[in-house]
Amino acid sequence: MEWLSYYNQEIVNLGAVKPCSEFIQALSVCLQEYLVRVRVQMTEWFTNILNRVQEVALNSAGQPITSTPEDFFNIIHLQVLVALSKLSADNMCAVIVVCLNVIKAILEETLTTLRAKKLQHAFSSLSTKNPGGREGGGSGDDEAGGAGLTLEMLCATVNDYDRLQEKIQEFREELGRMGKLGVDQLAMVDAAVDQVLDGFVSIADEANSGCTQLILKDVREAFAEELFVPEWEENVDVMMQRVAMTFKDYYNDLSVWLPPFYFAKVVRDCLEKVVALYLFTLFRRGGGKGKEDKVNAKLRPFRDPLVVAQKIRNDRQAMTVFFNEYEEELKQAGLRETAALELQLLVLDNIVDVFEEGVTAESEVTRLLLREFGGWGVDALMVISFLRGDKDKARGELREDLTKYWEKIQRLDGGGRRGGVAGGAAAARRDWSDPPRVVSARFALSPFDSDVDAEAVVIGARRPKSRK
């Protein structure tokens with residue numbers, strides 16, 4: 001291609017009317033073949049990098065990393081150097097775009113694989129722990145448990161793809177400094193860079209949420225064994241104090257292992273999901289039956305709803321004390337408004353009120369909880385009524401009243417938009433037509449759905465249906 005371009009340029013310089021049309025056609029054929037070979041070669045090299053056994057090391061800041069970002073861009077720089085010295089600006093641009101499109105395709109496959117591993121780990125019947133209590137199978141060979149899902153490897157993935165975001169931006173700046181590509185050509189490169197950048201961000205976010213998934217595995221198991229079981233009423237321990245100790249143990253490592261932005265997201269994710277998991281456990285213990293929860297139907301109401309209310313209040317207070325230590329991280333993760341933590345935990349205050357005062361239709365607390373839980377709010381309130389020991393006859397009338405009240409809320413809210421946490425005293429003064437405050441989708445999955453279990457609440461996806 002270099003010789004063909006040089007020949008056509010020189011014959012014009014020597015007086016030819018136009019370049020050789022046969023050479024122009026040959027140049028186009030050669031370029032297309034060259035781009036095909038670049039695509040095949042780059043795909044093979046990038047795939048080999050991602051499929052090899054990743055060796056995790058600590059950088060100077062103590063963060064787990066691998067050599068993947070450096071290896072990726074060593075390959076890209078090699079192709080650019082060849083194109084820079086041998087090809088025209090248009091052809092060089094074409095090679096760079098091909099390289100970036102290969103990366104984009106590889107990233108899509110990587111993201112799909114990571115999501116599959118997270119689902120596999122969440123819903124596997126097998127559970128392994130590597131030394132130090134970190135979940136996920138230390139050897140990386142446990143296919144049933146989600147191979148490679150260790151906390152260290154997930155942090156390394158976050159750090160690698162965070163660094164890749166920096167490297168691709170540096171790469172784009174370097175292309176601009178070279179001065180060979182024109183404005184239009186750089187615009188084509190920018191479009192491809194943006195797509196690759198989105199892929200890097202998606203994988204870093206997915207790996208980061210995997211950290212929360214592994215942390216909450218320990219919490220999930222403790223909740224299943226000890227929370228809201230018959231012995232729980234007599235137990236003087238505060239469950240969420242123990243959970244806070246578990247979080248603290250993990251956070252001590254993650255605050256070093258992750259960049260501040262991603263660590264902050266883990267803190268917020270744990271806050272939102274531990275509340276969802278806590279209430280999921282309550283409603284399942286009250287008779288919300290999933291495929292693996294046959295025992296729940298045999299449980300009886302609590303002996304003293306006032307004791308239950310106080311224990312939930314104690315758990316709520318323990319959460320407040322713990323997460324107040326991470327106020328800055330919560331702000332960095334998006335909870336910046338005044339009393340943001342209180343708004344996140346308000347749902348527990350409302351649950352406490354209902355256990356103490358009973359479930360009544362058309363009360364402010366009932367309205368807040370129905371807006372919070374949306375379509376399964378009536379079932380949730382009926383479970384609380386059951387756990388309080390309310391009489392069956394009264395509960396039958398209550399369901400009808402709650403259903404009518406929920407329909408009224410939907411009409412007044414303009415079609416039943418899903419609510420989040422409503423805003424305390426201010427909410428009581430708010431006009432009925434005001435939309436509810438939306439904080440998160442933490443209650444999107446219903447505990448009364450047979451395809452939803454505790455693992456599904458943590459990962460935010462229903463259990464995959466088994467293949468027959």
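The values are calculated or read from the model by the stated rules, or taken from the named source; none is laboratory data. Computed from a predicted structure; not experimentally measured. For neighbour counting, all protein chains shown are included, and Cβ atoms are generated from backbone atoms with ideal geometry for every residue, glycine included. Surface accessibility is based on the protein's heavy atoms, side chains included, excluding ligands, DNA and RNA. Shrake-Rupley method; radii C 1.70, N 1.55, O 1.52, S 1.80 Å.
Give me the distance in nm between label points sitting 7 Å out from Cα along the Cα-to-Cβ direction at E356 and Q32, one decimal. Modelled inter-label distance: 7.7 nm. With R₀ fixed at 56 Å, the C-beta to C-beta distance from K404 to D194 puts the FRET efficiency at about 0.65. Approximating the spin labels as points 7 Å out from Cα along Cα→Cβ, the R336-to-N252 distance works out to 3.3 nm.
With the simple spin-label model, which puts each label point 7 Å out from Cα in the Cβ direction, the N235 to K167 separation comes to 4.7 nm.
So for region 320-391, Kirkwood radius off the Cα pairs, Stokes-Einstein at 37 °C and 0.692 mPa s: how many µm² s⁻¹?
For these conditions, the coefficient is 240 µm²/s.
When only the Cβ of Lys, Arg, Asp and Glu is charged (+1, +1, -1, -1), the dipole of region 332-418 relative to its Cα centre reaches about 340 debye.
Accessible surface area normalised per residue over region 337-391 is 31 Å², counting heavy atoms of protein chains with a 1.4 Å rolling probe. For region 194-203, the Karplus equation 6.51 cos²θ - 1.76 cosθ + 1.60, evaluated at θ = phi - 60°, returns couplings of 4, 5, 5, 4, 4, x, 4, 5, 4, 5 Hz by residue, with Gly and Pro reported as x. Between N48 and L111, residue separation times 0.36 nm minus the direct Cα-Cα distance comes to 21.1 nm.
For region 222-363, what is the convex hull volume of its Cα atoms per residue in Å³?
134
The per residue volume of the convex hull around the alpha-carbon atoms of region 181-259 is 107 Å³. Across region 165-180, rounded Karplus estimates of 3J(HN,Hα) from the backbone phi angles (6.51 cos²θ - 1.76 cosθ + 1.60, θ = phi - 60°) give 4, 5, 5, 6, 5, 5, 4, 5, 5, 5, 4, x, 6, 4, x, 7 Hz, Gly and Pro being marked x.
Across region 35-106, Cα-Cα pairs farther apart than 15 Å form 57% of the total.
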